[in-house]
Amino acid sequence: MARFTLPRDIHFGENSLEILKSIKGKRAMIVVGGGSMKRFGFLDKVESYLKEAGLDVRLIEGVETDPSVETVMQGAAAMREYNPDWIVSIGGGSPIDAAKAMWIFYEHPEAKFEEVAKPFNIPQLRNKARFIAIPSTSGTATEVTAFSVITDYSKGIKYPLADFEITPDIAILDSALAETMPKQLTAHTGMDALTHATEAYVASARSDFSDPLALKAIQMIIDNLIDSYNGNKFAREKMHIAQCLAGMAFSNALLGITHSLAHKTGAIFHIPHGCANAIYLPYVVRYNQKCCAERYADIAKFLGLKGSTTAELVDSYVELVENLNRKMEIPSTLKEYGVEESDFKNNLDRIANNAVEDACTGCNPRSTNAEDFKKLLTAIYYGQSVNF
């Protein structure tokens, strides 16, 4: 038996933040990252709309990029002191992911992080609070997913928490927030979204429910990402929707080893998540085509790419991804990104072993062990062909 889970409500379009005026409750804890949401006035809007609805409001501010276990525990403690019945997070993937994890330990202070980090092992939520997610970037789709990525810096590992319990209750997609993204962030988050949709389409848990969402997301991303990167307002709006569709797909179909590698290299080499996915995706498609080339060919055919055979269609899709990276000045190898060769070699075994244990590895269409990861990472570092 399979399952397909989404937020109860998704509000989108111009001025969709105003739905907060109708929220019923007593206390709301807002979780936010850096100063951009305050600087552009969106945090003030969220606060004022919630207060207009009759809620008392408090803030947790300053959630860092790649939020830590310590940040999560501190936030959960603040929530236990305040006792909110709504948790509202606004910003990029980091504050929303952090707020999801805070939610867990707010409601279950007895829980252990190492247990929660096991896939689908989060205790039942909504005993104290419900969750509203308001994304400002167009990539992570955490506003509709059952995932949260938290970093344990003492171990140098990013942990993808995975459980339908942390799927938000309400997602608000107001594209005005996404218009504030700088150019490089637009590139990285856009390629993150493309990776989500691509991996969802070939993942082991894919279904007739997730496939159409993944394909439509890919098409919208291909049609709009470069214009969005160049600042086109209409394209930014379309990308905000496309990344959400990709999130709906992968939250249910799950992901693959592009994300396993991004999680495990990101914490060590400090590569932005979307950038890592962009670099790795062409190599992983080549690796996975040994067992699911027809699925990648389906994507190419849906996009109208050239090719009369399955192999030619896969080539066309890989070339499309590589061309997007070039147009947005994303490196094609880890060496080009700037990872020192000595650092790469010293961490290769560690990354490969950790990637095997990543929650996304088991959903990849091709079984992958530590030796496979080492070969793949070596190809990615030096820009070698993947023919194994």
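Only the coordinates and a few stated rules stand behind these numbers; no lab work does. All of these numbers come straight from a predicted model, not from anything done at the bench. Glycine also receives a Cβ, built like all others from the backbone with ideal geometry; neighbour counts cover every protein chain displayed.
With N denoting the number of residues in the chain, provide Rg(C-alpha) divided by 2.2 N^0.38 Å, to two decimal places. Don't skip to the answer; put the middle values down first.
Working: Rg = 19.9 Å, N = 388, 2.2 N^0.38 = 21.2 Å.
Here the answer is 0.94, to two decimals.
Within a Cβ distance under 10 Å of His11, other residues only, what is the Lys/Arg minus Asp/Glu net charge?
On the way: positive: none; negative: Asp9, Glu18, Asp174.
Result for the neighbourhood of His11: -3.
Cα-Cα over 24 Å: which of Lys100/Lys264; Lys118/Lys158; Lys290/Lys375; Lys158/Lys327; Lys112/Lys345; Lys306/Lys327?
Working: Lys100/Lys264 21 Å; Lys118/Lys158 13 Å; Lys290/Lys375 15 Å; Lys158/Lys327 29 Å; Lys112/Lys345 33 Å; Lys306/Lys327 20 Å.
Violating the 24 Å limit, Cα to Cα: Lys158/Lys327; Lys112/Lys345.
At 25 °C and 0.890 mPa s, grab the translational diffusion coefficient of segment 183-382 from Stokes-Einstein with a Kirkwood Rh over Cα pairs, rounded to a whole number in µm² per second.
147
I want the antiparallel fraction of DSSP beta bridges within the chain, as a percent rounded to 5. Let's see the in-between values first.
Numbers: 6 of 29 bridges.
Counting DSSP beta bridges with both partners in the chain, the antiparallel share is about 20 percent.
Taking every DSSP beta bridge that has both residues in segment 9-178, what percent is antiparallel when rounded to the nearest 5? Walk me through the intermediate numbers first.
Working: 6 of 29 bridges.
The antiparallel proportion sits near 20 percent.
As I understand it, the value is the acute angle between the Cα axis of helix 257-269 and the longest principal axis of the Cα atoms of the chain; what does it come to in degrees, rounded to 10?
With rounding to tens, the tilt is 70 degrees.
Before anything else, pin down the relative contact order of segment 134-188: Cα pairs under 8 Å, at least 6 apart, normalised by residue count, whole percent. Write down the numbers at each step before the final one.
Working: 68 pairs, mean separation 23.6, N = 55.
It comes to 43 percent, rounded to a whole number.
Let me check against my output: what whole-number percent is the relative contact order of the chain, with C-alpha pairs under 8 Å and at least 6 apart? Before the final figure, lay out the partial values.
Values: 776 pairs, mean separation 56.9, N = 388.
In percent, rounded to a whole number, it is 15.
With contacts defined as alpha carbon pairs under 8 Å and 6 or more residues apart, what's the relative contact order of segment 9-178 in percent? Mind dumping the intermediate values first?
Values: 364 pairs, mean separation 46.2, N = 170.
It rounds to 27 percent for segment 9-178.
Order these peptides, 63-76, 41-54, by their mean beta-carbon neighbour count within 10 angstrom, highest first.
Details: 63-76: 19.5, 41-54: 16.8.
Those peptides, ordered most packed to least, come out 63-76, 41-54.
Mind pulling the angle between the C-alpha long axis of helix 210-229 and the longest principal axis of the chain? Nearest 10 degrees, somewhere in 0 to 90.
90
Using a Förster distance of 30 angstrom, determine the FRET efficiency expected from the C-beta separation of Lys375 and Asn230, and round it to 0.05. Don't skip to the answer; put the middle values down first.
On the way: r = 37 Å, r/R0 = 1.23.
Between Lys375 and Asn230 the formula returns 0.20.
State the three equivalent ellipsoid semi-axes of segment 9-178, derived from the C-alpha gyration tensor as the square roots of 5 times its eigenvalues, in descending order and whole Å. Could you put the intermediate results ahead of the total?
Values: eigenvalues 114, 58, 42 Å².
For segment 9-178, the semi-axes come out at 24, 17, 15 Å.
Quick one: which of 229-238, 87-96 comes out on top by average Cβ neighbours within 10 Å, and what's the full order, highest first?
Highest mean packing first, the order is 87-96, 229-238.
Once you have all Cα-Cα distances for segment 83-237, histogram them in 10 Å bins from zero and send the whole-percent values.
Spelled out bin by bin, segment 83-237 gives 11, 36, 35, 17, 2 percent.
Mind ordering 99-107, 180-188 by average Cβ neighbours within 10 Å, highest first? Walk me through the intermediate numbers first.
Working: 99-107: 26.9, 180-188: 19.0.
The densest-packed peptide leads the list: 99-107, 180-188.
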